[in-house]
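Note sheet for the following structure.
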Amino acid sequence: MTDHEKVQQLYRIKDQAPITLDPRRVALIVVDVQRYFARPEYPFGQVIDKLVPGLAAGYFERVRSYVLGNIKQLQEAFRTAGRPVIFLGAGCHTEDGRDLPEWMREFDQLGLAMIGRRVSPLVTDPSWQIDDRVAPLAGEMVLNKTSSGPLNSTKLDQTLHNMGVNSLVVCGLTTAVCVTQTARETADRGFRVIVAEDACTEMSEEMHNAALLTFGYVFGRVRRTEEIVGLLGAVKGTAEPSTAADPALKAGRGS
């Protein structure tokens, strides 16, 4: 057995531990499902395909074929349960992007050199908006961040605590960058966190799977959309926090 196979075995053992999830105190976080991340006609996809032709095609196909649909399914389940749906976006407030960290500014410079356009949009640009297929409803919170993780550049932590939230389901774009960064940061702040594995994607399946394995090995849980929806439905209306009996439906942060 290789070391990686041993790690996977340990992951499976650890993942069996039952952890309580209070359905009255859980929120859905939709990370960066903006037009410029979800559609190929914007600089994000164009720059990647200029560098390595065809690389972004599989990513956008996965976004179109199942990721957006699963995010929508999660949104509907949380809204039906009366739980918060919170959106995060990434963009800049300055025309030249000087409010962004160095790594984002470098990507912008690459975009300018290759296609004459910056990758990170202004928050006032239409490409910054959440993709229409999973758009917020009136009254749902949308926060802009100028970093990969929200706790570095938004008031998400304070907001969640003010709302009495202690557990999160995280989904969006992209798995290895802003989705698991958000999940890790919030797990470190004491939230129980589940990443919806089929409601996010990455440039390759290998990157996607590696990011989820690392997150689930240490920080929290990884579950499919249908399992998360089933958990919400199974406990909806219960008076006390409930622990799922089925290991496939157990959720929360690992020890």
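The values are calculated or read from the model by the stated rules, or taken from the named source; none is laboratory data. Note that the structure is predicted; figures quoted are calculated from it, not measured. Here the Cβ positions follow ideal geometry from the backbone for every residue, glycine too, while neighbour counts run over all protein chains shown.
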Does PHE87 count as without any contact (Cβ under 8 Å) to a residue 60 or more places away in the chain, closer than 22 Å to ARG224 by Cα and outside any loop (DSSP other than H, G, I, E, B)?
yes
Looking at ALA81, is it surrounded by fewer than 17 Cβ atoms within 10 Å (Cβ to Cβ) and of a type in the set (Gly, Ala, Ser)?
no
Being closer than 20 Å to THR146 by Cα and either loosely packed, with under 15 Cβ neighbours inside 10 Å or without any contact (Cβ under 8 Å) to a residue 12 or more places away in the chain (or both) is the requirement here; does GLN158 meet it?
yes
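How many residues does region 160-185 contain that are assigned to a helix (DSSP H, G or I) and either among the hydroxyl-bearing types (Ser, Thr, Tyr) or touching an Asp or Glu at 6+ places or on another chain (Cβ under 9 Å) (or both)? Spell out how you get there, then give the answer.
If we filter region 160-185 for residues that are assigned to a helix (DSSP H, G or I), which is where we start, we get 160-162, 175-185.
The next check asks that each one be either among the hydroxyl-bearing types (Ser, Thr, Tyr) or touching an Asp or Glu at 6+ places or on another chain (Cβ under 9 Å) (or both); those that pass are 175-180, 182, 185.
Going through region 160-185 one residue at a time, the tally reaches 8.
Is it the case that region 85-100 has a residue that's over 27 Å from LEU168 (Cα atoms) and crowded, with 17+ Cβ neighbours inside 10 Å? It would help to see each step written out before you state the result.
Residues of region 85-100 over 27 Å from LEU168 (Cα atoms): 93-99.
With crowded, with 17+ Cβ neighbours inside 10 Å added as a condition, the list becomes 97.
Yes, the conditions are met somewhere in region 85-100.
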Within region 210-255, restricting attention to residues that are within 17 Å of the chain's Cα centre (by Cα) and at pLDDT below 80, which residue is surrounded by the fewest Cβ atoms within 10 Å (Cβ to Cβ)?
ARG253
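Here is a check on your reading of the model: is ASP125 surrounded by fewer than 20 Cβ atoms within 10 Å (Cβ to Cβ) and touching a strand residue (DSSP E or B) at 6+ places or on another chain (Cβ under 8 Å)? Can you show your working first?
Values: surrounded by fewer than 20 Cβ atoms within 10 Å (Cβ to Cβ): yes; touching a strand residue (DSSP E or B) at 6+ places or on another chain (Cβ under 8 Å): no.
Taking the combined requirement at face value, the residue does not satisfy it.
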Residues that are modelled with pLDDT of 95 or more and part of a loop (DSSP other than H, G, I, E, B), drawn from region 6-53:
ASP32, VAL33, ARG39, PRO40, GLU41, TYR42, VAL52, PRO53
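Tally the residues that are surrounded by fewer than 16 Cβ atoms within 10 Å (Cβ to Cβ) and farther than 12 Å from THR201 by Cβ, restricting the search to region 50-64. If you could, list the steps in order and put the result at the bottom.
We begin by selecting, within region 50-64, every residue surrounded by fewer than 16 Cβ atoms within 10 Å (Cβ to Cβ); these are 51-55, 57-58, 61, 64.
This time we only want the ones that are farther than 12 Å from THR201 by Cβ, so: 51-55, 57.
Total meeting the criteria: 6.
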